[in-house]
Amino acid sequence: MRGRIVHKAACILFATGFILTIWAVAPKHGWLSTKNNYVLNEKGNIVQLKGMSFYWSTPGWIGIGYYNAGTVNMLADDWKCTVVRAAYDRNNGNDNGWNEVKTVIDAAIAKGIYVILDWHSHTAEQQASTAISFFTSKAQEYKNTPNVIFEVYNEPKVAGGSDEKDGSVEAGKKTWAVIKPYLNDVTKAIRNTGSKNLIILGTPYFCQHIGVAAADPVEKSPGVPYENVAYAFHFYAASHGPEAMYVERDGGGMEATYLAAGVNSIPVFVTEWGTTHSDGSQGVDEANTNWWFDNYINKYHISHCNWSVSSGEGSSCFSGGTSPSQSGQIAKRLIGSGEDEWVPVWETGLEGPAKDSVFTFPKEFHQASAFNNYFGTHAESTTVAYSYRDKVDRRIAGTLGYTVLKVTPSTEDNWVSYNIKSNSATKYLLMRYHSNDGTGTVEVLVDDSKAGQVTLPEKATWDYAVIPVDIATGTHNLKFNFVNTSGDSYLIEWFELTNEQNPPQVSALNSIQRGICTVSPKLFPISRGFEIRLPSSHRYTGYSLVGADGRTVKHAPLRQGTMQITVSGIANGMWFLKLEGESPMVLRTMVNGK
């Protein structure tokens, strides 16, 4: 299969003298790591693992018969699982089903998918010495095996376990104070072996209070987090969330709020989710399951495992044998659909400068509002915002006017910089501006040397400024420095390096030509989205849809013959579409619901 290679073999000598070789196959995404609030693959791309969690490994229980290689292979091949979770029963100090758990681990490694070794307990902090010894041993065994993920605490109860129905944030904080030392000690023990395997840490109130963990993460020293650590979140669609069929307590349904409090701050892994009530029964809630996936799981590229590989409960994925149950049909659909890898925003340029974060001149104009590092630019000691659409000078055919850069001077330096590439020497910088609030001087610096300046008069309408500058061929840093300012803000719509001294003719810029694109990609707004028309001779290989906050929400390949991309049903606001290929480019548009 694509991207998989055999990287080692483990030999087990049986009493009979025969040797059984278990081939370890590197998983598709290689070694996993974390950065910001994402789990990443070996290439540094955001990855979303999708799979199933086995039921408790307790002998005699409804899931134990599925702990075999055949089930693992079927889940990988038919259900398209890239991860499975082995729920090693350690509740109340039990030690049940290790041989079965080991069978699932070996089968997943041999199949080339990921496997979560889950310390399935509600009171793990009471088993600290046993857990530390266990995970130290397993980390030594699997530290060269990227397939293995360690989940060191399944579902912590409320502090002390005295009141399992108190799911408040305050109770969550008390729980965190109790379990955090345990999580730190086990994580430290795993890392002391040299293991870099992904570790998943349980969170308060049966893995719901992500916000509590985000506010006080587990760290190896003050201010220094452990590497490759994610935090667990669990939900059950019929009892969790604002639209759930049931709630576990009066005033419930706050679970999404708990997740939202931390999902943008720390990496989250949903190691358990179900379509039913959290007790495994009371009916399947498909509508709320889809709500969770639309609003959180797929939106934030969160890896997930459905509960459970078993037969006999409403949440079981099988209805006898391996026939999908009602819940299993939903899980199989969600596991097998959609992308599982995205180029992160720090590679596409949000944190810039990045490989594609350079403005190219001449014969191109660029919107000043793209200051936000998406193109490798930077703003410091100044307040910037998007406002005041300019409806006269439309530089992108089909747009309804677009937002501009608003610079509010402060008492310190006020500047905005851009990385540029000039394909030929240029003499002028042309800028479209609005200075309704007062006068000010804009200095133009090239590679930190002053190249020219212009004083903007107080003016109630948009106008053009032509600034004499001499910029040589090559790559430079272009900086606008705002000095001697008397106004509250200055608006810059776009700028351009050119050898033409005269401002452009507005009438020529206002033309809108719809239809087949023959020269370069063109963007056309539609209700709640937009269309991109591509030239027939394009060589784009893929595209990414990126929000104004820099989050990549979709990534897909493009065929040579594709001449149109339609994006619909997205939220209002600013969006970027990055076209990838030999000559990558980024288009931007405003989306509204009209």
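The values are calculated or read from the model by the stated rules, or taken from the named source; none is laboratory data. The structure displayed is predicted, hence computed values, not measured ones. For neighbour counting, all protein chains shown are included, and Cβ atoms are generated from backbone atoms with ideal geometry for every residue, glycine included.
Of note:
- Output for segment 92-126, where each listed residue is polar (S, T, N, Q) and surrounded by 20 or more Cβ atoms within 10 Å (Cβ to Cβ): 121
- Criterion: in contact (Cβ under 8 Å) with a residue 12 or more places away in the chain, among the hydrophobic types (A, V, I, L, M, F, W, C), assigned to a helix (DSSP H, G or I) and within 30 Å of residue 289 (Cα to Cα) - qualifying residue of 171, 230: 171
- Positions within segment 83-115 being part of a strand (DSSP E or B), in contact with a Leu (Cβ under 9 Å, 6 or more places away or on another chain) and farther than 14 Å from residue 64 by Cα, in sequence order: 83, 84, 114
- Index of the failed condition, residue 306 passing every other in (1) over 21 Å from residue 233 (Cβ atoms); (2) of a type in the set (S, T, N, Q); (3) not in a helix (DSSP H, G or I): (1)
- Pick from segment 502-558, criterion over 25 Å from residue 571 (Cα atoms) and crowded, with 16+ Cβ neighbours inside 10 Å, ranking: modelled with the lowest pLDDT: 517
- Selected residue (criterion: farthest from the chain's Cα centre (by Cα)) from residues of segment 62-77 that are touching a residue at least 60 places away in the same chain (Cβ under 8 Å) and surrounded by fewer than 23 Cβ atoms within 10 Å (Cβ to Cβ): 62
- Residue 217 falls short on exactly one of the conditions (1) at pLDDT 95 or above; (2) farther than 22 Å from residue 84 by Cα; (3) more than 24 Å from the chain's Cα centre (by Cα); (4) of a type outside the set (A, V, I, L, M), and that condition is (3).
- Taken as a whole, the structure leaves residue 110 outside the set of residues that are within 21 Å of residue 202 (Cα to Cα), of a type in the set (Gly, Ala, Ser) and in contact (Cβ under 8 Å) with a residue 60 or more places away in the chain.
- Answer residue from segment 220-236, given it is among the small types (Gly, Ala, Ser) and at pLDDT 95 or above and is surrounded by the fewest Cβ atoms within 10 Å (Cβ to Cβ) among those: 230
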